[in-house]
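Notes follow the structure.
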Amino acid sequence: MKLVLLGPPGSGKGTQAEKLSKEFNILKISTGDILRDAVHSNTELGRRVKEYLLKGRLVPDEIILDLMSQKLGNLKGFILDGFPRTLPQAIGLEKRTDIDFVVAFVLPNTTVISRLSKRRVCIKCGAVYSLDANPPLRKNICDRCGSKLRIRDDDKKSTIRKRFLVYKRETKPLEDFYKKKKILRYLDGNGSADEVYRRLKKLISNKV
Ligand code: AP5
């Protein structure tokens with residue numbers, strides 16, 4: 001299966017991608033995770049993209065397309081979380097491979113803003129928690145690797161606002177792009193992660 005998850009910041013793309021990837025053993029590729037890792041490890045890529053992430057701006061298309069062309073190679077199946085995010089990226093992806101479905105998450109801004117304010121992440125292993133929906137067993141400690149949890153750098157209020165504006169301007173128009181290709185499916189992102197997951201599986205059931 002070749003799947004793209006599209007949705008505003010905090011809509012649950014990463015959470016759902018992780019579930020699908022585990023259950024069906026499909027590779028999940030999250031551009032946000034790759035870029036954050038690169039920043040954390042202070043690689044050349046990390047140094048080039050650090051300021052964009054901090055400010056909630058999109059990393060330039062050339063950098064992303066280059067990165068994704070290496071990651072996609074000749075993969076037969078994948079779940080893309082956070083890519084494509086602009087029209088040039090969508091066109092770049094289309095030139096490389098076909099896509100079965102693009103799933104667009106739908107939920108109110110108030111819900112996603114509240115989810116982002118409760119998100120905590122492990123900088124070491126990348127695990128994601130929610131203070132109310134999916135809290136760690138020990139306060140501020142990662143269940144998986146025992147490291148300290150943090151608020152993501154771009155989850156500060158002013159940066160969240162910027163990320164939403166960027167999403168509306170650059171990424172939301174992709175819904176029309178994929179609607180015309182008849183591969184867009186809307187997903188109600190309200191409710192618990194398990195409820196959303198059940199709906200997601202129904203939407204793509206003829207491909208998994
Ligand atoms: P990226 O990491 O992709 O950020 P994003 O799209 O803003 O999405 P998030 O990771 O914030 O949220 P999510 O939808 O994955 O939600 P999650 O599952 O974590 O990108 C970060 C930055 O990298 C960008 O701003 C940009 O600078 C750069 N970048 C990345 N890709 C790029 C590209 N292609 N081009 C250019 N630049 C790029 O859930 C959020 C919280 O809610 C968590 O705490 C979770 O536990 C909780 N939660 C999830 N589901 C539920 C539920 N159903 N109920 C209650 N809580 C829930």
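The values are calculated or read from the model by the stated rules, or taken from the named source; none is laboratory data. Please read all numbers here as calculations on a predicted model, not as lab measurements. Methodologically, a virtual Cβ is constructed for each residue, glycine included, from the backbone with ideal geometry; neighbour enumeration extends over all protein chains shown. Just the protein is used for accessible areas: all its heavy atoms, side chains included, with ligands, DNA and RNA removed. Shrake-Rupley method; radii C 1.70, N 1.55, O 1.52, S 1.80 Å.
A rounded overall shape is assigned to the chain, the ratio a/c of its alpha-carbon gyration tensor axes (a ≥ b ≥ c) being less than 1.5. The distance between label points at Arg161 and Phe177 comes to 2.8 nm (points 7 Å beyond Cα on the Cα→Cβ vector).
When the Cα positions of Asn25, Thr86, Leu72 are compared along the charge dipole of the stretch 1-130, Asn25 comes out farthest toward the positive end, with charges on each C-beta of Lys, Arg, Asp and Glu. For the chain, what is the percent of antiparallel DSSP beta bridges, rounded to the nearest 5? Here the antiparallel bridges make up roughly 30 percent for the chain. Accessible area per residue for the chain is 56 Å², calculated with a 1.4 Å probe on protein heavy atoms, without ligands, DNA or RNA. Protein heavy-atom surface of the chain, 1.4 angstrom probe: 51% of the accessible area is carbon and sulfur, with nucleic acids and ligands not counted. For the chain, a Gaussian network of Cα nodes joined below 10 Å ranks Leu80, Leu137, Leu54 by mean-square fluctuation, and the top entry is Leu137. Evaluating 6.51 cos²θ - 1.76 cosθ + 1.60 at θ = phi - 60° for every residue in the stretch 164-173, the Karplus couplings come out as 5, 5, 5, 4, 4, 6, 9, 9, 3, x Hz, glycine and proline recorded as x. Extending 7 Å from Cα along the Cβ direction at Tyr52 and again at Ile113 yields two label points whose distance is 2.7 nm. Normalised by the number of residues in the chain, the average gap of Cα pairs under 8 Å and 6 or more apart makes the relative contact order 30 percent. If you build a Gaussian network model of the chain, linking Cα atoms that sit under 10 Å apart, which residue out of Lys95, Lys22, Lys118 swings the most? Between Lys95, Lys22, Lys118, it is Lys95 that shows the largest mean-square fluctuation. Expressed per residue, the C-alpha convex hull volume of the stretch 68-179 stands at 141 Å³.
Here the 3J(HN,Hα) profile of the stretch 101-118, calculated from phi with Karplus coefficients 6.51, -1.76 and 1.60 at θ = phi - 60°, is 9, 10, 9, 9, 6, 10, 6, x, 4, 4, 5, 5, 5, 5, 5, 5, 5, 9 Hz, Gly and Pro shown as x.
Go ahead and set up a Gaussian network model of the chain, Cα springs under 10 Å, then flag whichever of Gly32, Gly191, Gly77 fluctuates most. Of Gly32, Gly191, Gly77, the Gaussian network model singles out Gly191 as fluctuating most. Measuring r between the beta carbons of Glu94 and Leu137 and using R0 = 45 Å, the FRET efficiency lands at 0.55.
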